[in-house]
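Here's the structure we're looking at; comments come further down.
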Amino acid sequence: MTDSDPEPDVDALDQLDGPDEPERYHIRGEHRGAGADTGSLFGNVSEKRDEAAFGTEPGLIAGTREDPMLVAGVGYPLLSDLALGTVLAHRVAEWDLPGVAVADLSHTPVAAYQTVSEGAYRTVLLVGAEKRGGELNDGTPSENPGAIHEYGPDAVAMPEEGLTELVGQSAMGFNTVENVVVVTRALGSFPEDTRVIAVEPAYDSWGMNVDEFSDPVAAALEAVEERLLDALDDALA
Amino acid sequence: MDHDYRNLPIAFDDDGTPYVLDDDGFAIDHDSIARSGVEDLVPDGAGQQVDAETEPAGEEHSESIHDVNIDPVTRVAGALAFHAKVDLDNEQVLEGHSQATLFRGYEIILEGRDPRDAIDLSSRACGVCGAVHSLCSSMALEMAFPVEPPPMGVWARNMGQAGAFLYDHTIHLFLLAGPDYSASLLGESNPDLLETARNTAAPHADVHGYESIGEVMAALDPLEGELYLKGLEKTRDARQMASLMLGKYPHPSTIAPGGVTTTLSRTTFMQFYSRLDDMFDWAKQVAFIWDDLMDFMLEHLEGFEQVGERPMNMIGTGIWDDPDAYNARYEDAEEWGRARLSTPGVIVDGELVTTSLHELDMGVEEFVDHSFYEDWTDENQRFETTPAGGPLSPYHPWNKQTRPKPEGKSWREKYTWGTAPRWDRTPMECGPWSRQWLTAMAEELDNPFIEPTGDGLNMTVPEAELPEMTLRWDIPERLNTAERHRAKATHLAYNALVCYTGFIEALELLKAGESAVATEFEVPQSGTQRGVGFWEAGRGYLTHHVTIEDGVIDNYQILTPSTWMASPTDPFDNPGPYETAARNTPLLEEYTDEEDFTGIDILRGIRSFDPCMPCTVHLHTDRQADVITDDVTSCGCSFTEGDQTAEEAITEIIHADD
């Protein structure tokens, strides 16, 4: 794997005609009822459902499978920093970029593989949280919370044993960036121009909002968006 | 129900009104409890008679006896571990203990929250049951509020859920359980059997295209076999069917009390049907593939009929409502339950004892004698009766409190985060087989494509590329691994026909202009309300019991199929279903010593139940491992060596970012 420093290219935003501050799709809390200090967690997502082909062919929330580029967010809503990919996918979807399909891969790696392989994309950008060290989902921080890693899918080592079990698990959950890469490579392949952009989480257990990010991950979001735009800019060029 | 409960102190008067029999009420008296029949089940089966003599964990045992730990490593979606003690010389399983290794605490997380949160939060209980919890939760809430969904909303639920089951069952049959019968695995565990399979013609080659059983086994080879890959591909279509009705799968955001919020048009239904048409042929092929495969295993692997065998005790809440009958009211649950496309009920020792959701609900209790929880019955019982007036046990979910207490870890004391649900104080199992079994015996279902005959089902699957076929499923004479798989395979057809029924009904509703999918609701802001969702998961029985107090959740209890089946031993010494199934399983694999023993027969038995995360199971033998400590401390809630109580840990997690 290789790490690279983010070098934001602010001009790319203008070139791609996306909004400077994309409207967030998630819940802000205004829905919360008087009788409780919480409220329906996904109201706004449901409202958007009419516009988005959630989980249906071709499994996209923006664009079409004929588009040359795919931005795919791998994430777990309600698991704090692990929701990163989901939230970013919806941000990118709202930018309404021409030629860019967007997938919310908040389901399973097997479904993610199927969504990625459904189109004939020339470029795939896979984005999400990636915990390094320790166990997943135990609430402990990754080695370097907020660090951004960018690499190609070949940088992820394929397991020498237990691939069948991993695919089986991945039909039900285990929805991590690494597993999406492994399952897709085991069952098919990525296009040559595929990049993974991953952020190390600081907290990976329950979050009571869709984007309840820790400070290090919240601070990294803008840089990740810039990397996505850079990558899309490169792909367009 | 034409007779009283066998073990619970509930009787019925001449008018059919239930009452508590005596002053002791539901107090537990070990001596009066009938056993589940485990000891009498398989006279030549392995293990059960040895159980009482088995030494406590950790003591010395003979050279041929080994601890087998089946220990999945799961972190996000739940975990099951299994400990068995096996006698390799005598090819017997001596002891089995089922462990839920994670405390996930949904009940505690939900307490005090807006009731609507339960739909999205409880959905996260399982990734493969990606809609059942949100649907079940919405139904519990619509009973509590109350609100009644319009017919199109009911059909959208039915069709979405049946589509999801096509996904779920295909995954289990080909990605999870299928590899256990693949050529690559049998080549190692039972090479002679594989050779026989290659020389055995497949009786239904004309339907599925595989000339020999050996070809079927080769097609089941993981990652490269034709059936493995086709199964994987079919999960895409089935998931899309579920998504068309429910917006997204898993974890749809369109589920609400009073219906769904999906936009459904004629186009949606046509997209649904284009996928369903393919499923008709897939269902025909899958039914005959597994029919041929299981018949071969039963004929050529001596003892296979005992693998995973249990007494015929099954429970099901039923699923797929008839909108003409369903009104979300507990008082009317007997009527709308019997009108379901899958009939609810209970089978004890092979006899159908009830199809009443009232009697089913009254008979349910949860025990924690061998679980990492504290008994809660020291406090006053919250509800003495059901909303229909029937008596309730203090151990009933509406009276249950979740009090984590991970102490006293040993096989004799506490060893799991699962509870021990019992119906009439008897262990129960559930799944596609219980759906078919109950529906077949009850003969309540009136459907043009699925005909219950008392002793089985006739399922008429329409023509697609293959001609129309009537698939016959007979109620089996034994309940074992083979029959669970056979039933699940035929259940694809059942699900496809539920989808087809819904498709026809939904188009009629569209023609009539009845396209509303939801009814508006309000969350009551004062007083006490109760509700229960009865809605099966792919693996069977599922209930959500909710109590709302002044607009927020006061108590929420989820009872899943895997809780029933992965349950530990109860206070009456009845082991849980996985435990019984393992103890009844003979060791049929070919091995020479501990080193090359794989435990495939135990795995086949447990996997036939389709436990949550079965594919994560890997098996190793390790005489030194203290599986109790290792597994429990690997729980996802970061327990340390006992300095922090579960409640403190959970509270910390919940409020970590406050």
* Of these, B:Asp593, B:Asp610, B:Asp601, which one is crowded, with 18+ Cβ neighbours inside 10 Å, over 30 Å from B:Trp155 (Cα atoms) and touching a residue at least 24 places away in the same chain (Cβ under 8 Å)? -> B:Asp601
* To do: Filter the helices (runs of 4 or more DSSP H) completely within segment B:131-218 down to those with at least 1 residues that are more than 20 Å from B:Ser608 (Cβ to Cβ), open to solvent by less than 10 Å² (accessible area, probe 1.4 Å) and within 14 Å of chain A (Cβ to nearest Cβ).
  => B:132-144, B:151-170
* Asked: If we keep just the residues of segment A:210-231 that are open to solvent by 30 Å² or more (accessible area, probe 1.4 Å) and either charged (D, E, K, R) or over 16 Å from the mean Cα position of the chain (by Cα) (or both), which is farthest from A:Gly134 (Cα to Cα)?
  -> A:Asp230
* **Odd one out for B:Val307, checked against (1) buried (at least 23 other Cβ atoms within 10 Å of the Cβ); (2) under 30 Å from B:Leu357 (Cα atoms)** => (2)
* Structure fact -> Conditions (1) within 20 Å of the chain's Cα centre (by Cα); (2) surrounded by 24 or more Cβ atoms within 10 Å (Cβ to Cβ) -> B:Asp120 fails only (1)
* To do: Give me a count of the residues in segment B:495-512 that are open to solvent by less than 60 Å² (accessible area, probe 1.4 Å) and farther than 17 Å from B:Met241 by Cα.
  => 2
* Looking at B:Asp369, is it in a loop (DSSP other than H, G, I, E, B) and open to solvent by 20 Å² or more (accessible area, probe 1.4 Å)? -> yes
* Asked: Restricting the search to segment A:88-107, which residues are touching a helix residue (DSSP H, G or I) at 6+ places or on another chain (Cβ under 6 Å) and either at the interface with chain B (Cβ under 10 Å from one of its Cβ atoms) or part of a helix (DSSP H, G or I) (or both)?
  -> A:Asp104, A:Ser106
* To do: Tally the residues that are more than 12 Å from every other protein chain (Cβ to nearest Cβ) and of a type outside the set (Phe, Trp, Tyr), restricting the search to segment A:183-210.
  => 13
* Candidate set: segment B:520-557, residues that are open to solvent by less than 10 Å² (accessible area, probe 1.4 Å), within 14 Å of another protein chain (Cβ to nearest Cβ) and not in a strand (DSSP E or B); chosen: the one nearest to B:Glu148 (Cα to Cα) -> B:Gly551
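The values are calculated or read from the model by the stated rules, or taken from the named source; none is laboratory data. This is a predicted model, so every value here is computed, not measured. Don't worry about glycine lacking a Cβ; one is built from the backbone with ideal geometry, like all the others, and counts go over all protein chains shown. When the accessible area is computed, the model is the full protein with side chains, heavy atoms only, and any ligands, DNA or RNA have been set aside. Shrake-Rupley method; radii C 1.70, N 1.55, O 1.52, S 1.80 Å.
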